[in-house]
1. Scaled to the compact-protein estimate 2.2 N^0.38 Å, what is the alpha-carbon radius of gyration of segment 181-223, rounded to two decimal places?
2. If I fit a long axis through the Cα atoms of helix 156-171 and take the longest principal axis of the Cα atoms of the chain, what angle between them do I get, 0 to 90°, rounded to 10?
3. Return an integer: the convex hull volume of the alpha-carbon atoms of the chain, in Å³ per residue.
4. Considering only lysines 8 or more places apart in sequence, or on different chains, count the pairs in segment 2-203 whose C-alpha atoms sit under 15 Å apart.
5. Which value in deg cm²/dmol, rounded to the nearest 500, describes the helix-derived mean residue ellipticity at 222 nm for the chain, given -39,500 (n - 2.57) per DSSP H run of n ≥ 4 and division by the residue count?
6. With only Lys, Arg, Asp and Glu charged, each at its Cβ (+1 for the first two, -1 for the last two), find how big the charge dipole of the chain is about the Cα centre; round to the nearest 20 debye.
7. How do the peptides 388-400, 234-246 rank, highest first, by the average count of neighbouring beta carbon atoms within 10 Å per residue?
8. What whole-number value in Å² describes the accessible area per residue of segment 410-473 for a 1.4 Å probe?
Amino acid sequence: MQRRTFLASAAVTGAMAALQPGLALAETQNPLTQKWAGPFGGVPAFDKVKVADFKPALEAAMVRNLAEIDAITANKAAPTFENTIAALEDAGRMLNDVQTYYGIWGSNMSSPEFQKVEEVMDPALSAHYDKVNQNAALFARIQAVYDSPDKAKLTPEQQRVLWIYYTNFVRSGAKLSPEAKARVGAINTELAGLYTRFSQNLLADENTWIELSDADLAGLPEGLKAAAASNAATRKLPGKHVIVNTRSSVDPFLTESPVRSAREKVWRAFVNRGDNGGATDNNAIISKILKLRVERAKLLGYKTHAHWRLENAMAKTPENAMALMEAVWKPAIAQVAIDVADMQAIIDKEGGGFKLEPWDYRFYAEKVRKAKYDLDMNEVKPYLQLDKLREGMFWASGQLYGFEFKKLEGIPVFHEDVTVYEVTRAGKHVGLWYFDPYARPGKRSGAWMNAYRTQERFKGDITTIVSNNSNFIKGKPGEPVLISWDDAVTLFHEFGHAIHGLNANATYPSVSGTNVARDYVEFPSQLNEHWLSTPQVLNQFALHYQTGKPIPAELVKKIEAAGKFGQGFGTTEYLASALIDMKLHLAGDVDIDPDAFEREELAKLNMPKEIVMRHRTPQFGHVFSGDGYSAGYYSYLWSDTLTADAAEAFAQAPGGFYDKAVAKRLYEDIMSKGNTVDPVEQFRAFRGRDVKIGALMRKRGFPVPPGA
Ligand SMILES: [Zn+2]
């Protein structure tokens, strides 16, 4: 249960019903509460999931979880690590399992019917975790173990688990007065409902589309035209062409369409998700969320929500995170000015007669790429077959960590597109990897990883089950799915998270695998992106879908040379979002109008007017569909500082990115460690020193400050 306790936020005595008659029956008969059966220590019974079963299953699992907690607090024996902390690690297993199904239905399989369940159960789950986190008798036992001189006799991992429990309970309000606890709990429950509404509004706006006229289709590459036709067919508009209002559909169109008015139409729809007035507008919800977060932070004894959130992150304070962002912001917008001048020169030379606008950026960036680096990304795409690249990332992980992947048949899946692989090392079972690659209605946009089950061994060896999810456009049967270079990078990124989970070697589940600080968790995933562009992967797996020939070395050289191009754009659109996120959560107890706040703060930052935030506030799911990345979007940059520095360790080694000694250190000091060791110490052990910013600046092609 602890895994979930930490991911959910704080606090309350609350709305959970006491033991209800009939719940015991619900537990024994509901397919979702059954212990996972089958091979590999059990696998999720995805073939048995019915939406109607979620509410009773979650309710039964919460009741069972509270009973488990009661058993811990009722123990007459003096509190020890075993009878309190280890017992907590062993509690909530049923709830974890049910929430695995629940999370997948929320992200991959959503439907109006399921959303009704979420509206009721998200607040109920929040109240449940509050009830656990603010259980006074439970905290008294945790504190007793924490204050006991016996603590010194625990293993280092046990001491860290204990410290994490203690800190998280305090951070959730365990030391507050009953009145303050009640208020924090009420806030959490209200926030949970607001988060659900925010996500559902966003999903609703992303389920809209822009219909393209014949004129809009002019000059569009055949592949994109076919995707637009297939998107229309899925939406029962045969013969038409639509761009769905998601990034995976919009970005390629903005990059490829020569029709300026069509680009503007598509761009405007996309950047206004959640900001259109009407039933799916998120602005009022955001104002309310910000207010409640400030109130909660103050009740818990912190200056702002940002201070509360960063205390247990690697950055420790918002000031540290801001300092890093500000160091990178100025060089990023300076680079954008240079790139914009290059693009404007092309527009002028073509006699365009207009100033570059945000909906032109991607299109003209491509032209600069062609002119300056002689690189046409459309020449690259035929070499990027999804299936081959998947084999490529398997192969690279084999070189680094000894993994082997074997496709399994007959394991239950939640959709026919999902495939399952067994992962072994030296013949020994390591875990399972589920892959859900394609976009579909009801699946959230973007790409992500999750762990259905975490590795642990304190109660017998339990192996992990991880999954990767993305939104590639499914091709016709038998046709290879060709993806963009950026999408290939994302594929390797998400697989890096999966590898972090698969390499886990912890005793306790709450500190295993990807259960690490959120500004550290992107480090292993970002690092894994580097293996895509190694010649070994490209020569073996970047094969032309018609000729089977590997991508020409000359083309690879061009990709490398152009690698830094676009960093100004990428860094600026990302950092604008990260800075606004932090500023929103440092603003304190004031009424915030998200639109005005965004406009004014971006003006103060001298945001280039040719670029828009990667996630505008009304669609910033990282920050407003949960506490998750709130005051935490900076984490990607923080992690990338570690990533760039670690990548240089490989680049400088005799064996380069396949250097056995560096790979061994990476496994031992970082990939296997999870949260059993402080991340600062993990990095120091791997690199032999603390992180420096120089590698990050070099990677992005920005000037390196003195001493870095
Ligand atoms: Zn990631």
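The values are calculated or read from the model by the stated rules, or taken from the named source; none is laboratory data. Keep in mind that what you see is a predicted model, and the values were worked out from it rather than measured. Note that each Cβ is placed from the backbone with ideal geometry, even for glycine, and that neighbours are counted across all protein chains shown. Please note that ligands, DNA and RNA were not included when accessible areas were found on the heavy atoms of the full protein model with its side chains. Shrake-Rupley method; radii C 1.70, N 1.55, O 1.52, S 1.80 Å.
1. Details: Rg = 20.4 Å, N = 43, 2.2 N^0.38 = 9.2 Å.
This ratio for segment 181-223 stands at 2.22.
2. 90
3. Working: hull volume 115.6 nm³, N = 708.
Output value, Cα hull per residue: 163 Å³.
4. 5
5. -17000 deg cm²/dmol
6. Taking the Cα centre of the chain as origin, the dipole is about 720 debye.
7. Put in order of decreasing packing, that is 388-400, 234-246.
8. Working: 2230 Å² over 64 residues.
Computed with neighbouring chains in place, this is 35 Å² per residue.
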